[in-house]
Amino acid sequence: PLMRTPRANAAAGQRKSRRWASAAPGALARGIVAAAFAFPLYWMLVTATSPKGSAYQLPPRLIPGTDFQAFSTVIGGTHWSRYMLNSFFITGVTIILVIATCSLAGYALVALPMRGKGLWFLVLIGALLLPEQALIIPQYVVNYHLGILNAYTVMIVPFAANSSSVFLFRQYFSSMPP
């Protein structure tokens, strides 16, 4: 191996310290953002393990307590596993239906020859601009008249196809070579 002179070693050390000094502000900023994102999770742990009402104390208590009674109440006193199973089931079925319906619609908007393809794309963009909150009451009325208010289908079917997923699939298929 080649031996470096003391001057070369000093220059290499200066370059490393300059690199570290230029990278430090970015690392500090990333650390602050990470702490800001992690703080709500930490606060949840603090409030869950602290005595009742301590979340409202001023100044707030920032050290987690040792009382895990809230966790045992939730796990032992509720049907927590059933709630999780319901969530996974509804999410899984919805994802499968979204992929099935929206991929077909996105592919049709790109690959199938049809008149008015540009018009349908503009209708899709217009549907993207419609806020979800504007659909809550009409969806409730339709589900009420169908008699499915207290069923899984009311949480799956309205989300089985949506304009944003059709748009994303259309953009993906249009970026593929013919």
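Some observations on this one:
- Inter-part distance, the range 65-97 to the range 20-51, computed on C-alpha centroids, equals 26 Å.
- For the pair M176 and I96, a Förster radius of 35 Å applied to the C-beta separation gives a FRET efficiency near 0.95, rounded to the nearest 0.05.
- Listed values (i) 118, 28, 21; (ii) 80, 59, 33; (iii) 43, 39, 38, entry calculated as Cα extents along the principal axes in Å: (ii)
- Every helix of 4 or more DSSP H residues in the chain counts as -39500 (n - 2.57), and over all residues that averages to -24000 deg cm²/dmol at 222 nm.
- Accessible area of the chain belonging to carbon and sulfur atoms, whole % at 1.4 Å probe: 72 percent
- Computed accessible area, R82, all protein chains, 1.4 angstrom probe, square angstrom: 110 Å²
- Heavy-atom surface of the chain, accessible at 1.4 Å and reported per residue (Å²): 80 Å²
The values are calculated or read from the model by the stated rules, or taken from the named source; none is laboratory data. Since the structure is predicted, the reported quantities are computational estimates derived from the model, not experimental observations. Cβ sites come from the backbone with ideal geometry, for glycine too, and all protein chains shown count toward neighbours. Please note that ligands, DNA and RNA were not included when accessible areas were found on the heavy atoms of the full protein model with its side chains. Shrake-Rupley method; radii C 1.70, N 1.55, O 1.52, S 1.80 Å.
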